[in-house]
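Q: Sending over a structure as structure tokens; questions will come in a sec.
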Amino acid sequence: MSAPATTSTLLGVSDLRVEFATDHGWSTVVAGTTFSVGEHEIVGLVGESGSGKTVTGLSVLGLLPRGVGRVASGSVTLGGRDLLGLSERELRSVRGNEVAMVFQEPMTSLNPAFRIGDQIAETVRLHRGGSRRAARDRAVEVLDLVGIPHARRRADDYPHEFSGGMRQRAMIAMAVSCEPSLLIADEPTTALDVTIQAQVLELLASMQAELGMSVLLVTHDLGVVAEVCERVVVMYAGQVVEQADVGELFDHPRHPYTEGLLAAMPQLGSRGHRLPSIPGRTPEPWAMPPGCRFAPRCEYALPACEEPPPLLTTRPDHLSRCLRHDELTLRGAR
Amino acid sequence: MTTTAPAATPPPAAPPSSAPAPGPDRPGFWRRFRDNRPAFVALVVLAVLVLASLAAPLIAPYAPEAIDVPRRLSLSTPDHWLGTDSLGRDTFTRLLYAGRVSLMAAALAVAIATAVGVPLGLLAGYVGGKVDWLLGRAGDVLMTFPAIILAIAIIAATGPGLQNAMVALGIVYAPRLFRVTRAATLQVRAETYVEASISIGTPAWKIIARRVLPNVASPVLVQVSVMLAAALLAEAALSLLGLGVVPPTASWGVMLGSGFKEIRSTPLLVFWPGVAIAVATLSFNLIGDGLRDALGRRIRKAAP
Amino acid sequence: MLGLLARRLAFTVPMLVVVSFCVFSLIVLVPGDPAVALAGENPDPEQIAAVRERLGLDDPFLVQFWHWFSGVLQGDLGQSLFSSQSVAAAVFSRLPATLSLALLSLAVALVLGVAVGVLAAMRPGTWIDRVATFAASLGVAVPYFWVGMILVLLFAINLTIFPAVGYVPLTENPLQWFLHLFLPATALGLAPAAVIARQTRAGMTGVLREDYVRTATAKGLPPARVVGQHALKNAAVPVVTAFGLEASRLIGGTVVIEQLFALPGLGNLAYTSVFARDFPMVQGVLLVVAALVLLINLLVDLSYGYFNPRIRQS
Ligand SMILES: Nc1ncnc2c1ncn2[C@@H]1O[C@H](COP(=O)(O)OP(=O)(O)O)[C@@H](O)[C@H]1O
Ligand code: SF4
Ligand SMILES: [Mg+2]
């Protein structure tokens, strides 16, 4: 339904519904998300903060905070295997091994009390067994791979001796140490300086090419997507609102929200300009509009938009959750 | 016009319970303390305990030292609700009288600790420099000795007895109050308006009385409450060993010590004084926790 | 790590000297003429003179201290006032019982306290947490010597599982050693366990929310290792601090517990010496105990370096 025919599906997320305990009872935070990531594919998962990207990523590995968040319905498959039905023990052999994750905050995602090399070697031994020595060699190898200079020596460092960019490299090294088939990178560059951002993105792309893995790149920044992704899934308020190849989506967006995101994208040479941002903000999970969830912020809204629109195929391999996807001419990038 | 304004009128007053910061005024503090159920219950229990001890001569059915050998080591009877000890003395009566002694002893020790620790803490925090360093190291040295052992050593020099024991405890505890006071003083001292009033020549006693003491009071109060619990335990331990209150006067510790000799025949004799100590100690601790929580905002507010 | 050790020693060694001076100065607190006070009941002039001579009370105070302290440096803590025993010999013969009791109690405190604290932190707000919090409040408040008495009543008198009194050296019979120390160590360990449980819960509640804990789970580590290794090491510093303070308090408690359970330890020596007013003996015990506390503090400080690498390297 969504993945291009040229690749076979690795990760399949279908009608995923996630709820969180809030002051208003259990609120639906991800409302029927469907998308897929093909083998060797880099897919961007984009949306403003609070749209449910992180929660979607965590759900794949069963990492929702216990007692606070839960998957209510839907399915997540990896290479055809249902992940949601796995026992905790089976899930552990997937985590860090078949599917690895890199988080947004490099400063706090590494354990400050352990040496970086040991933290990587721990993952290796956990999934691959082998001697301490072999695991350590592997740790040095991947640190070297992600471009840490003097990797053998720096493996003995503690996280506080690494800069932010180096820590994110180390996180990526840890993630790829067991050669996972899928890497979920949640805002891997958001906390970094602009120049470092580009380096880390480049690293992610080269790792993907070298190791032949798939990447789900979670970001709020379409600029990041443009840089490395092949396909984009746009999320808004817990739903997928548009999905297409990068070129197609940038040139011919078919959802007003995407148009707003593209307009808000920083462009070369526009530095210092105040970017137009989409007016208004994402509705709270317990106060979702009954119809199109974007309607309160949409300049094209019609009375008909008070009915919830389904995810419609607007062109081959291009989906949009806008009633008016056919009739509107929306501005693309540039 | 004015009669019909419906929903737009603001409510007459913000709901008091959830108001974020009522400021450092008393009612806010008292309400926060009262809303802390364990602490409030502890305060009530402690009040009952203290009043019952003070009113011992009025409440107690017997004289504390009235011996009734034929009825020694009796269990709970209509005449003796909680039984009698090895000399036939009424346990309930003795518990009440012992409460006076134990609570007074704890209060005395903490009073001494406060009288020594707080002024020195003010001095060290306010003057700083060599005085601060010297007093601080002296405190470190005192803190190197476990309280009971230092108290025992002091008693070895001065001889046993309740007063000596409590003076010893007071000295041992003084460094803790010293530290708390010093830290709070330093904090206030560093605030700009205090620095400013020092620089325009306001006399030190005025600054201490108006600015420092009010801020020092909170942490000291918390510490005092927790320390009363510790002092109560220490008094009991020393009296149990025969180094504190000397029989025939009863304290809870003395009762435990003599009761333990009869534990094979009459275990109740160690039960009641233990419960009394535990209840009092728990109350002091819970009140301390409650004070800390209720005063917490104010203490933290002084930080930046 | 060596740097940290050197820095801590630079603090500990002078402390030991000052502490020794304080221990010696205690004699100042003896009211009246120490020689009269310490010579026993109704002393005759010869006895008084003998004490005076023995303690060198006619010398200037600093000279007296120097005599005593130079002895201490060579391991000579002086003579008992009333027997021919040397203080050092008496103290060292009593040390094993006290160390056994203290170490076993600390083990009880650490294992129980950390376990309860971690459990409570893993399920905040649940009944587990509430029961643990309540038990901790109670554990801090209930007198340890009373717990000792109740334990004797339950397990030595009623059930006769454990012996009520006495001590068997570890080298003689490890099982009997353990059985004899079990009740006193439990009595002494419960209150520190409660304090450690509180501290552990407070620390772990914060740490379990940290990103690196999520990272550890996302790696595929089992919960026991996520909590017991990755989280606990980060929550350890305040726990170890509490442990150090409690250790000092616990050593004080051995005095009472040794009396209740008739254990031939340092506390018991201090106790009998106080009643005999055997002042050199009391001083010896006090000095050794203070040295023990300083040693514990030193170890605690060094452990900070292990738990928090930043401390080690700064
Ligand atoms: N631990 C949590 N407790 C309650 N709500 C949460 C929690 N984590 C996320 N949410 C809610 O889920 C929604 C989506 O959050 P998230 O997935 O983090 O968004 P994104 O990653 O797209 O910025 C938000 O409305 C947020 O409030
Ligand atoms: S459905 Fe209507 S409100 Fe929603 S995005 Fe399309 S035009 Fe806007
Ligand atoms: Mg996010």
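Q: Which value at 222 nm does the protein assembly as shown reach when only helices count, each DSSP H run of 4 or more adding -39,500 (n - 2.57), with the total divided by all residues and rounded to the nearest 500 deg cm²/dmol? Show your work: numbers first, answer last.
A: Numbers: 36 runs with 538 residues, N = 952.
My calculation for the protein assembly as shown gives -18500 deg cm²/dmol from helical runs alone.
Q: Using the basic label-point model (7 angstrom from Cα toward the beta carbon), what is the A:Asp23 to A:Ser206 distance in nanometres?
A: Rounded to a tenth, the inter-label distance reads 4.9 nm.
Q: Please tell me the relative contact order of segment B:43-295 in percent, rounded to the nearest whole number, where contacts are Cα pairs under 8 Å and at least six residues apart.
A: Numbers: 374 pairs, mean separation 55.3, N = 253.
Dividing the mean separation by the residue count of segment B:43-295 yields 22 percent.
Q: Let me ask something else. With the full set of protein chains in place, find how many percent of the accessible area of segment C:161-293 is carbon and sulfur; take the probe as 1.4 Å. Don't jump to the answer; show the numbers that get you there.
A: Values: 2830 of 4270 Å².
Carbon plus sulfur share of accessible area: 66 percent.
Q: Another question, if that's okay. On C-alpha positions alone, give me the angle between the axis of helix C:279-307 and the longest principal axis of chain C, in degrees, nearest 10.
A: Relative to chain C, helix C:279-307 is tipped by roughly 20 degrees.
Q: Throw me the Rg/Rh for segment B:43-295, computed over C-alpha atoms with Kirkwood Rh, two decimals. Show your work: numbers first, answer last.
A: Numbers: Rg = 21.7 Å, Rh = 19.8 Å.
My calculation puts Rg/Rh at 1.09.
Q: Given a 1.4 Å probe, show me the residues in segment A:122-145 buried by at least 50 Å² of accessible surface when comparing the whole protein assembly to the chain alone.
A: A:Glu122, A:Leu126
Q: How crowded by other chains is C:133-143, given as the mean number of beta carbons from other chains within 10 Å of each beta carbon? Let's see the in-between values first.
A: Numbers: counts 1, 1, 0, 0, 6, 4, 0, 8, 13, 8, 14.
Mean partner-chain Cβ count within 10 Å for C:133-143: 5.
Q: So, R0 is 45 Å and r is the distance between the beta-carbons of C:Arg130 and A:Glu90; what FRET efficiency does that work out to, to 0.05? All intermediate terms of the calculation are to be shown ahead of the outcome.
A: Details: r = 33 Å, r/R0 = 0.74.
Given R0 = 45 Å and the Cβ-Cβ separation, E is 0.85.
Q: Please list, short to long, the whole-number percent of alpha-carbon pairs of segment C:1-139 in consecutive 10 angstrom bins beginning at zero.
A: Each 10 Å bin holds this share of Cα pairs: 9, 22, 23, 18, 15, 10, 3, 0.
Q: Right, another one. When the Kirkwood hydrodynamic radius is evaluated over all pairs of different C-alpha atoms of chain A, what value in angstrom, to one decimal, is obtained? The partial results should precede the final answer.
A: Details: mean 1/r = 0.0483 Å⁻¹.
Result for chain A stands at 20.7 Å.
Q: Using a 10 Å cut-off on Cβ to Cβ distances, tally the other chain neighbours for every residue of C:247-257 and report the average as a whole number. List each step's numbers first, then the result.
A: Numbers: counts 1, 6, 5, 1, 4, 11, 6, 3, 9, 10, 1.
Whole-number average of other-chain Cβ neighbours for C:247-257 is 5.
Q: Which length gain, in nm to one decimal place, applies between B:Glu191 and B:Ala204 when the Cα-Cα distance is subtracted from 0.36 nm times their residue separation?
A: Numbers: separation 13, 0.36 × 13 = 4.68 nm, distance 1.49 nm.
Length gained between B:Glu191 and B:Ala204: 3.2 nm.
Q: Here's another thing I want to ask about it. Report, in degrees rounded to the nearest 10, the 0 to 90 angle that the Cα long axis of helix A:116-128 makes with the longest principal axis of chain A.
A: 80 degrees
Q: Measuring from the lowest to the highest alpha carbon on each principal axis, how far does segment B:95-158 reach, largest first, in angstroms?
A: Largest first, segment B:95-158 extends 49, 24, 17 Å along its Cα principal axes.
Q: While we're looking at this one, here's another question. Tell me, what is the FRET efficiency for C:Phe275 and C:Asp211 to the nearest 0.05, using R0 = 56 angstrom and their Cβ-Cβ distance as r? If you can, show how the numbers build up before the last one.
A: On the way: r = 60 Å, r/R0 = 1.06.
Efficiency at R0 = 56 Å is approximately 0.40.
Q: Please compute, for the alpha-carbon atoms of segment A:191-237, the extent along each of the three principal axes and give them in descending order in Å.
A: 34, 26, 15
Q: Measure nothing but the geometry: give the 0 to 90° angle between the long axis through the Cα atoms of C:174-207 and the longest principal axis through the Cα atoms of chain C, rounded to 10°.
A: Computed tilt is about 50 degrees.
Q: When ranked by the protection proxy of mean other Cβ atoms within 10 Å per residue, highest first, what sequence do the peptides C:54-65, B:220-231, C:91-102 form?
A: Output ranking for C:54-65, B:220-231, C:91-102: B:220-231, C:91-102, C:54-65.
Q: A further question on this structure: Could I have the simple spin-label model distance between C:Val28 and A:Asp326, label points 7 Å from Cα toward Cβ, reported in nm to one decimal?
A: 10.1 nm
Q: In peptide B:236-242, how many Cβ atoms from other protein chains are near each Cβ within 10 Å, on average? It would help to have the intermediate numbers written out before the result.
A: Numbers: counts 4, 9, 2, 0, 7, 10, 4.
If you average over the peptide's residues, the count of other-chain Cβ atoms is 5.
Q: Considering the dipole of chain C built from charges on the beta carbon (Lys and Arg +1, Asp and Glu -1) around the Cα centre, which of C:Leu55, C:Val288, C:Leu154 is farthest to its positive end?
A: With unit charges placed on the Cβ atoms, the residue in question is C:Leu154.
Q: Can you give the Rg to Rh ratio of chain C, both from alpha-carbon atoms, with Rh computed by the Kirkwood formula?
A: That ratio is 1.06, to two decimals.
Q: Expressed as a whole percent, how much of the Cα-Cα distance distribution for the protein assembly as shown exceeds 40 Å? Let's see the in-between values first.
A: Values: 252663 of 452676 pairs.
Result for the distance tail: 56 percent.
Q: Please state the charge dipole magnitude for chain A, taken about the Cα centre, from unit charges on C-beta atoms (+1 on K and R, -1 on D and E), reported in debye and rounded to the nearest 20.
A: Dipole magnitude for chain A comes out near 740 debye.
Q: Give me the compactness ratio for segment A:35-104, meaning the Cα radius of gyration over 2.2 N^0.38 Å.
A: On the way: Rg = 12.5 Å, N = 70, 2.2 N^0.38 = 11.1 Å.
For segment A:35-104, the normalised Cα radius of gyration comes out at 1.13.
Q: Hey, another quick one. As an exercise, use a Förster radius of 60 Å and the Cβ-Cβ distance of C:Gln229 and A:Ser277 to find the FRET efficiency, rounded to the nearest 0.05.
A: Working: r = 44 Å, r/R0 = 0.73.
According to the calculation, E is roughly 0.85.
Q: Compare each residue of segment B:146-170 in its chain alone against the assembly with all protein chains, and report those whose accessible area goes down by 20 Å² or more; 1.4 Å probe, heavy atoms.
A: With the partner chains in place, segment B:146-170 has these residues losing at least 20 Å²: B:Pro146, B:Ile148, B:Ile149, B:Ile152, B:Ala153, B:Ile154, B:Ala156, B:Ala157, B:Thr158.
Q: Near the amide H of A:Val240, under 5 Å away, which other amide H atoms are found, from residues 5 or more places off or on another chain, if H is placed in the peptide plane?
A: It is A:Thr34, by chain and number.
The values are calculated or read from the model by the stated rules, or taken from the named source; none is laboratory data. These numbers come from a predicted model, not from an experiment. Virtual Cβ from ideal backbone geometry, glycine too; neighbours counted across all protein chains shown. Keep in mind that these areas ignore ligands, DNA and RNA; they rest on the heavy atoms of the full protein, side chains included. Shrake-Rupley method; radii C 1.70, N 1.55, O 1.52, S 1.80 Å.
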